[in-house]
Structures are given as structure tokens and as C-alpha cells.
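S.K.: One structure follows; several queries about it will come next.
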Amino acid sequence: MSKVEKNTDELIGELCSDLDIAKPRCPYRRIAVWLIGAIAYLTLVVAYIGIRPDFDMQLMKSSFLFEISIAVLILISASLASSWLSFPDCFQRHWVKIIPVLLFVVFCIWTVVRSLEDGMKFTDGLHLVHCAREGIMMEIIPLIALVFITMKGHTTQPYWSMAMNVLAVSTLGWIGLRLTCSVDEMGHSLFNHLLPFAILAAALGLFARKLFKW
Amino acid sequence: MTQLSDAEQWQEWATKAQAGDKRAYSSLLKALHPFIRNIIYKGLSNSDAAEDISQEVLISVHKSLNTYTPDRPFKPWLMSIINYRKMDYLRKYYAQRQDVTSTIESNPEFMSENVTNSNHSGELRDIERALEQFPKKQQDIFRKIKIEGYTTQEVANQMDMNESAVKVSAHRMMKKLQGMLK
């Protein structure tokens, strides 16, 4: 049904004869399943890699708790935004994109402030390989699943959809790496935990229109 | 009985269509088509393109019917699809246009739409050919005065010439052209 040259009445007739029962899509069910699945998968990967030895001590630090809380909020809001964006009219809640973006800005300001306080120290290059590898392990399957869910929808904002997908999955990876990697230096976190995925996100963004075409 | 507005009526038909009611669906699509076409036509002023896009929108409505939830207004949902398809069309159109070069002669459609009297198009080409037979400087003087609308004083200043020499050159060329085109 892709030819538009045919007569409109004929087209309407064909569309009517092609009509099936179309149960309204629920924006919450699929994304809830994804969130639960992604968290369960992350738990498994974290258990496989091994939780950082000083995790108990970190739980006492308000800065660590703040960082994890804001990452969780970004994860939830970005995945919800991603789900709403998979509707042509964004479920008539266009403001939803602003929340994860604002939270991400707060998160960036927080990391810059911490970098200024602690100084930008860099650890050796070995960590880059091992953190990037673990990060990819944590993110790749949830990313494929989320992109697939968005592809099943009918987004009219493909770039925003991809941005929300990547933001949700990146924060999932960030949380996972903060639970497994015991290097707390901001230079390390920014360049080893965030930068490889920022590059991946930019590369994926180039294909957003093609991926989410309908 | 209260009269339903267009949007409310569409909402009702869309809800019935989701349940598989083909008659309601047919009424919905028939009612949407002129609305969609008018909206697109306002922005494009090309009836063929407006018709193409409105058919694309109808197909998109069909594909994404399950993304409409009856408790939300119908019109914003439809408008999102219309705008998306329109932008899609314009993107493709401008992308194609960048790769295409054409001349007036090879585009009779453009000629018939944009040249006031297409019977004169052959004469215009004859004039162009005749002009090319003159020296470059004389052509420039003629074009500036007779086609681009500069005054003889302005042309004289631009070409660093005497005003009367410019007038004489343009006049002589006009006479010669008339002779050549008789």
C-alpha cells in the first residue's frame, strides 16, 4: 500500500478493506517491561563483573547517592519520554523531553563542579579498555531492545526519540559502571565511562531517521 | 440531540474504526481527506503535491491507527502526522532538486506556467542568439539599458564612457537588431 498515484476513493476503499481491529497501544506497558528487563539484566552483569569492593563505604557518601539518584531519575524520565515519543503526537505531552534534558544538564553541572573540586586526574589507559568493554556489555542489549520498541512505534520526531533512547541506556551504563568500577576520579568517569558512549550516541543519531522511518 | 463538531465526530469514528467498524472508518477517511488536502495546499500551493501528500497521510493514519487513544483529542494526533508527512515530502523534494539542473527549453511545464506568452519563447531565443553576434562591450551596454533598466548616465559611469557614446551604441545596436530580426 505504498503507491500514492491511485485515485483517492480507490485508496480509501483499499484501506477500509484492509482494516483490522487496532487495539490502542499503551505507552506504559512496553516501557515498564523494558525498564524491569534492563534493570534485571544490569543486575546480572554487575553480579558477573563483581561489585566494587568499597561499595558499603560509597553508600555512606551523599555525593555518590546524589549521583546515583539523579542517574536513576534520568533513566526513568528518558525511557518514559522515549515511549511517549514513539506516538506520532508524542502522546500530546511534548514537555516530556524537557525533564530528562534538564536532569542531564544538572548531572553535567554536577560532574563539572566535582571535576573542579577534585581536579581532572586520569588513570592509566588500561581502565579505558576495561570500563568501555564492561559498559558495552551493560548497554548493548538494552539499547537494541529500546531501539526495537521505538521502531515498532510511529514516531514523528526520530532524532529526539534516538536521543532519549541513548540517554536512557547511557545512564543505565553509568549506574552499572559506578557500581563496579572503583575509580572515582571525574576525569576517568567522563572520559572512560561517558565519552565512548557519547561517540556511539552521535553515530547512532545519524541513522535515526532511517531506523525510525514508517 | 447535540450536534457533534468535526473533531468530536472524527474522534468517535476513529474509536469505532479501532474496534473494526469499516463503515465508520470509511466515513472518517472520506471526511479527513479534504481537510488534510486543504491544510497541505495552504503551505505548498501545488495541487498535485498536496494530493500526493494527503494520500500519504491517509496511509499513515491507517498504519498508526493503534497509536490513537480515544481519551485524547483526535486533531492534534492527525496534525502531527500531516506535518511529519509534509516535512518528509519537502525534504525529499529539496534533496532531489539539488541534484537536478534544467534549462527552460527542456522544461515545457515550467515554460507554460511561468512564461506569460509561450508563443514568444522562440522569439526570446532568437533575440538572445542575435545579441551574441555583437561585440561583448556593445552587448553589455544594450543589456544594461534595455533589459536591466539602468539609465544611460549610470551605464556611462559604470563603463567609464561618455554618456552620448553609450546612447549612440545602444541606439545603433537596436537598429541592427531590428534589421536582423525582421
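S.K.: Which pairs have Cβ atoms under 8 Å, sit 6 or more apart or on different chains, and link a residue in the stretch B:22-44 that is facing another protein chain (nearest Cβ under 9 Å) to one that is β-branched (Val, Ile, Thr) and surrounded by fewer than 19 Cβ atoms within 10 Å (Cβ to Cβ)?
M.R.: Every condition considered, the pairs that remain are B:HIS33/A:THR8.
S.K.: Could you look through the stretch A:9-58, keep only residues that are more than 8 Å from every other protein chain (Cβ to nearest Cβ) and of a type in the set (S, T, N, Q), and pick out the one that is nearest to the chain's Cα centre (by Cα)?
M.R.: A:THR43
S.K.: Given the conditions (1) away from chain B (no Cβ under 14 Å); (2) among the small types (Gly, Ala, Ser); (3) open to solvent by less than 10 Å² (accessible area, probe 1.4 Å), report the number of the one that A:ALA203 does not fulfil.
M.R.: Among (1) away from chain B (no Cβ under 14 Å); (2) among the small types (Gly, Ala, Ser); (3) open to solvent by less than 10 Å² (accessible area, probe 1.4 Å), A:ALA203 violates only (3).
S.K.: Continuing with this model, one more query. Which pairs turn up if I take residues in the stretch A:68-81 that are over 19 Å from A:HIS94 (Cβ atoms) and hydrophobic (A, V, I, L, M, F, W, C) and look for partners that are outside any helix (DSSP H, G or I) and open to solvent by 30 Å² or more (accessible area, probe 1.4 Å) with beta carbon separation below 7 Å, at least 6 apart in sequence or on another chain?
M.R.: Sorted first by the residue in the stretch A:68-81, then by its partner, the list stays empty.
S.K.: Could you tell me which of the residues A:THR156, A:THR171 is crowded, with 16+ Cβ neighbours inside 10 Å, more than 14 Å from A:PRO27 (Cβ to Cβ), within 14 Å of chain B (Cβ to nearest Cβ) and modelled with pLDDT of 90 or more?
M.R.: Matching residue, one of A:THR156, A:THR171: A:THR156.
S.K.: Give the stretch A:176-200 a look and list any residue that's hydrophobic (A, V, I, L, M, F, W, C), open to solvent by less than 20 Å² (accessible area, probe 1.4 Å) and in a helix (DSSP H, G or I), or say none.
M.R.: Once the filter is applied, which keeps residues that are hydrophobic (A, V, I, L, M, F, W, C), open to solvent by less than 20 Å² (accessible area, probe 1.4 Å) and in a helix (DSSP H, G or I), the stretch A:176-200 yields A:LEU177, A:MET186, A:PHE197.
S.K.: Has the stretch B:171-181 got any residue that is at pLDDT 85 or above, open to solvent by less than 90 Å² (accessible area, probe 1.4 Å) and out of contact with any helix residue (DSSP H, G or I) (no Cβ under 8 Å at 6 or more places or on another chain)?
M.R.: No, there is no match, as no residue in the stretch B:171-181 is at pLDDT 85 or above, open to solvent by less than 90 Å² (accessible area, probe 1.4 Å) and out of contact with any helix residue (DSSP H, G or I) (no Cβ under 8 Å at 6 or more places or on another chain).
S.K.: Looking at the stretch A:71-82, can you tell me whether even one residue there is away from chain B (no Cβ under 14 Å), closer than 22 Å to A:GLU134 by Cα, open to solvent by less than 10 Å² (accessible area, probe 1.4 Å) and of a type in the set (Ser, Thr, Tyr)?
M.R.: yes
S.K.: Report yes if some residue within the stretch A:117-130 is open to solvent by less than 20 Å² (accessible area, probe 1.4 Å) and over 12 Å from the mean Cα position of the chain (by Cα); otherwise report no.
M.R.: The answer is no; no qualifying residue exists.
S.K.: If you scan the stretch B:7-46, which residues turn out to be within 21 Å of A:PRO24 (Cβ to Cβ) and open to solvent by 40 Å² or more (accessible area, probe 1.4 Å)?
M.R.: Scanning the stretch B:7-46 gives B:GLU8, B:GLN9, B:GLN11, B:GLU12, B:TRP13, B:THR15, B:LYS16, B:ALA19, B:ASP21, B:LYS22, B:ARG23, B:SER27.
S.K.: One residue is enough: does the stretch B:3-11 have a residue meeting the conditions acidic (Asp, Glu) and either assigned to a helix (DSSP H, G or I) or modelled with pLDDT of 90 or more (or both)?
M.R.: yes
The values are calculated or read from the model by the stated rules, or taken from the named source; none is laboratory data. Because the structure is a prediction, the values reported are computed rather than measured. Note that we place each Cβ from the backbone using ideal geometry, even for glycine, and neighbour counts take in every protein chain shown. All accessible areas refer to the heavy atoms of the entire protein, side chains included, with ligands and DNA or RNA removed. Shrake-Rupley method; radii C 1.70, N 1.55, O 1.52, S 1.80 Å.
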